[in-house]
Amino acid sequence: MQDVKIAVVGDDKIVRDHVVNLLMYCVNREILSFEDGFTAWNYLEGSDSPDIIFFSDVNMPEMNGLELLTKIKEKYPHKICIMMSGDPANEKLAMELGADAFLAKPFNMNDLFNIVETLIVTD
Amino acid sequence: MKKRVGANSFLGKGVEFEGKLNFNGIINIGGHLKGKISATEGTLIVDEGGIIESNIHVPCIIIKGEVRGNIVADHKIEFRAPGKVLGNIQAPVVTMQEGATFEGNCRTYKAREASTPVIDFDHALQAREHTILRLGSPSPDMREMHKNDILLTRLKLLVIMSKAYLEDYPVGKYRKEAIIKNAEQVASEYAGRGAGTDDKSRKKMDFDHVFNQRVQLLATMAKGFAEGHPMGHFRKKALGDNVDYISKAITFNNRISDIKFLKVA
């Protein structure tokens with residue numbers, strides 16, 4: 001995962017900052033942070049970064065997480081997208097739209113550790 | 001050896017069994033079992049201290065001991081601390097209590113509407129609908145996260161950060177930054193915090209004055225070591241004592257040796 005960037009997308013600053021903090025500690029690298037899907041998508045489109053892993057909330061203004069997931073998987077099907085939601089209805093939608101993982105809220109520290117071990121740190 | 005057992009059976013501590021085990025009802029495993037386990041109905045409970053080296057196909061399983069093998073559950077897999085699984089798991093519902101550990105892949109799928117016949121384990125793995133890695137709360141418990149959810153997790157993370165430091169795990173630039181931010185956040189949130197929440201885990205914390213001071217001290221210590229302040233033998237001992245006190249107060253017993261990625265910075 002040498003060149004991989006990790007981005008956390010969500011409009012709830014408390015949750016977003018916590019996930020950023022925990023991931024930064026886990027992988028010892030800077031974590032990108034976006035407050036909505038539109039900003040995240042614009043970054044992705046303007047970035048030369050070879051790969052970005054997205055942790056995205058579903059309910060957001062501008063462009064929600066499922067719209068972001070759809071756009072990413074359409075154009076970059078191999079990018080990893082982890083969706084986070086407190087609404088059970090979003091689980092099936094996320095799965096159908098190609099999400100690589102679904103993190104059901106409220107989640108705990110070990111859930112994020114498991115995601116890191118399974119999808120990010122592969123060594 | 002083949003063995004078939006009925007409801008409410010028990011393989012006790014110190015007992016070893018090797019072969020195929022088929023059961024109905026509820027069975028507790030407190031001993032050491034090698035082979036293959038299957039059931040058409042009922043629940044397999046792996047007690048604390050119990051070890052299973054086997055592929056398992058059962059309706060429900062509760063893991064408080066250790067399982068080395070793949071698990072397919074037709075209804076639910078429930079991890080309880082200090083349960084541990086090394087293998088791939090698959091079930092409609094997977095729940096994990098903090099303190100339990102899991103190394104492998106997790107798949108969830110829609111529960112079948114009709115009753116589930118026993119089928120071959122390997123065939124079951126291939127036949128299941130391919131779905132995504134699913135973690136977090138079970139569907140009935142899903143909701144948006146509250147400030148208190150984050151606060152308790154931040155404190156647990158600070159405990160992990162401190163344990164990793166005490167055991168000389170590598171701390172790179174961004175890890176230091178993360179420790180400082182988390183310590184500041186915990187110190188800020190716990191400052192002047194009072195007792196009285198309706199959550200069981202938080203009730204145990206019951207923020208009395210001593211506990212609160214301990215948390216503030218832990219935050220100060222964590223910020224100190226992340227900023228590179230000198231930590232001699234006695235400061236490290238004080239940090240360790242404080243980590244132990246807080247871990248016990250919040251019933252948090254994660255072993256950092258189980259978190260592989262911390263060994264690499």
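Can you find a residue that is among the charged types (D, E, K, R), in contact with a helix residue (DSSP H, G or I) (Cβ under 8 Å, 6 or more places away or on another chain) and within 20 Å of B:Lys260 (Cβ to Cβ) anywhere in the stretch A:23-39?
Filtering the stretch A:23-39 for residues among the charged types (D, E, K, R) gives A:29-30, A:35-36.
From what's left, in contact with a helix residue (DSSP H, G or I) (Cβ under 8 Å, 6 or more places away or on another chain): A:29-30, A:35.
Next, from what is left, pick out any that are within 20 Å of B:Lys260 (Cβ to Cβ): A:29.
Looking for residues that are among the charged types (D, E, K, R), in contact with a helix residue (DSSP H, G or I) (Cβ under 8 Å, 6 or more places away or on another chain) and within 20 Å of B:Lys260 (Cβ to Cβ), one finds at least one in the stretch A:23-39, hence yes.
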(Q) What's the number of the only condition in (1) at pLDDT 90 or above; (2) surrounded by fewer than 16 Cβ atoms within 10 Å (Cβ to Cβ); (3) under 29 Å from B:Lys173 (Cβ atoms) that A:Asp87 fails to meet? (A) (3)
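Could you list all residues from the stretch B:79-113 that are within 10 Å of the chain's Cα centre (by Cα) and part of a strand (DSSP E or B)?
First, the residues of the stretch B:79-113 that are within 10 Å of the chain's Cα centre (by Cα): B:79-85, B:95-102.
Of everything in the stretch B:79-113, those that are within 10 Å of the chain's Cα centre (by Cα) and part of a strand (DSSP E or B) turn out to be B:Phe79, B:Lys84, B:Val85, B:Thr95, B:Met96, B:Glu98, B:Ala100, B:Thr101, B:Phe102.
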Q) So which residues in the stretch A:100-113 are assigned to a loop (DSSP other than H, G, I, E, B) and under 14 Å from B:Ser137 (Cβ atoms)? A) A:Lys105, A:Pro106, A:Phe107, A:Asn108
Q.
Which numbered condition in (1) of a type in the set (Phe, Trp, Tyr); (2) buried (at least 21 other Cβ atoms within 10 Å of the Cβ); (3) more than 25 Å from B:Arg175 (Cβ to Cβ) is the only one that A:Phe38 fails?
A. (2)
Q: Only residues that are of a type in the set (A, V, I, L, M), free of Cβ contacts under 8 Å to residues at least 12 places away in the same chain and over 20 Å from A:Leu23 (Cβ atoms): list them for the stretch B:133-176, please.
A: B:Met142
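Can you tell me which residue among A:Glu96, A:Glu67 is within 12 Å of chain B (Cβ to nearest Cβ) and of a type in the set (D, E, K, R)? Before you say what the answer is, go through the steps one by one.
On the way: A:Glu67 fails: within 12 Å of chain B (Cβ to nearest Cβ).
Going through A:Glu96, A:Glu67 in turn, the sole match is A:Glu96.
The values are calculated or read from the model by the stated rules, or taken from the named source; none is laboratory data. Source: prediction; values computed, not measured. Please note: Cβ atoms are built from the backbone with ideal geometry, for glycine as well, and neighbour counts cover all protein chains shown.
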